[in-house]
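This report concerns only the one structure given below.
No value in this document is a laboratory result; all are computed from the given coordinates. Here the structure is a predicted model, which means the values were calculated and not measured. Because the Cβ atoms are built from the backbone with ideal geometry, glycine has one as well, and the counts that use them run over all protein chains shown.
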Amino acid sequence: MFHNSSQRKFWTFKGEDELEQKRCNANGKFRKKAIETGKPGLSDSLFLERHEEDALFRLYERRLLDFCNAFKPIMPKSVVGTALMYFRRFYLNNSIMEYHPRIIMLTCAYLSCKVDEFNVSSTQFVGNLLQETPAGQERVLEQILEYELLLIQQLNFHLVVHNPYRPMEGLLIDLKTRYPTMENPESLRKSADDFLAQAAMTDAGLLFPPSQIALTAILNSASRAGINMESYMTECLGLKEDRDTLSKMYDSMRRMKTLLRGYELPKSEEVHIYKQKLERIHAEFAISSNKRKRGYEEDGHVAKEPRLAEE
């Protein structure tokens, strides 16, 4: 149950300012560690600023989503959602200047498959890196297995993620059984699914309970279809006499929608510059072993589309 979960206790935060402070702290922690190495010629211009880190985070998060969506066999939504949440939690307290997102994103996907019991072998998993050679896939797997324990530790061993997909199914069932005013609740599914997909690419899962994200998705879908569901909120959800709770809920929903509207992918020309800085940083302050560095190094090896046919 979410109410008693580690997610609610340790990974649900009061606001965006708190999240940004944590990310700033992670950025500062790496800068301090780098400066303490005593390397000559260090300057602030070498390091990534927070907005640059954020742009690269969104780039690699999108690549993680592309990898999961192209995965064969088809990866369940809950596994994808868990992988994205692992990625977001990891970089809440760590800088991408210290741990390159290229391998962390694959480690997040690999761990989520295991935790959510999506049974694919390690060979099957790296087999989805379609542009890699078999030898390259083997090197990637070695890196994933090396980073897996680090990821688990940085997640504080809190591996169960409560996604909003199950609550949304529960709400659709509830609408069918207790809200006869609505003729076809299933008509809300597509738009609600789209909302949840967008929410997964934001901090919504770090700020709101999954049930609230699911309810917002349903109400947003109904609103787009011109359906008023206030009576469902007041009568079926028992909020008629609790105007204070209802008001707070609507306020949270507005905050969530604002969060989603504010999401955008970074511009390609900016990303190119930031990536060059990131690679220079990792070359300069390589904290990992040579074995790790020889592994998964090319962004292009994460296929964004499944291979449809063999040549």
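Below is a table of values for the structure above.
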{"quantity": "The chain, helix-only ellipticity at 222 nm - DSSP H runs n ≥ 4, -39,500 (n - 2.57), divided by all residues, nearest 500", "calculated": "-19000 deg cm²/dmol"}
{"quantity": "Loop chymotrypsin sites (Phe, Trp or Tyr not before Pro), the stretch 116-159 (other Cβ atoms within 10 Å of the site Cβ: 12 or fewer; DSSP)", "calculated": "157"}
{"quantity": "Cα-based Kirkwood hydrodynamic radius, the stretch 165-261, one decimal, Å", "calculated": "13.6"}
{"quantity": "All lysines inside 26 Å of residue 9 as judged from Cα atoms, apart from same-chain residues fewer than 8 positions distant", "calculated": "22, 29, 77, 114, 248, 257"}
{"quantity": "Coil-residue GluC sites (Glu not before Pro) of the stretch 156-231, DSSP, other Cβ within 10 Å capped at 12", "calculated": "183"}
{"quantity": "Nearest-ten-degree value, helix 134-154 long axis tilted from longest Cα axis of the chain", "calculated": "60"}
{"quantity": "Stretch gain in nm, segment residue 43-residue 194, where the contour uses 0.36 nm per residue and the Cα spacing is subtracted", "calculated": "50.0 nm"}
{"quantity": "Rg over Rh, two decimals, the chain (C-alpha only, Kirkwood Rh)", "calculated": "1.00"}
{"quantity": "Cα gyration tensor category, rounded, prolate or oblate, for the stretch 24-72 with a/c compared to 1.5", "calculated": "prolate"}
{"quantity": "Between 0 and 90°, nearest 10: helix 101-115 axis offset from the chain longest Cα axis", "calculated": "50"}
{"quantity": "Nearest-ten-degree value, helix 189-199 long axis tilted from longest Cα axis of the chain", "calculated": "40"}
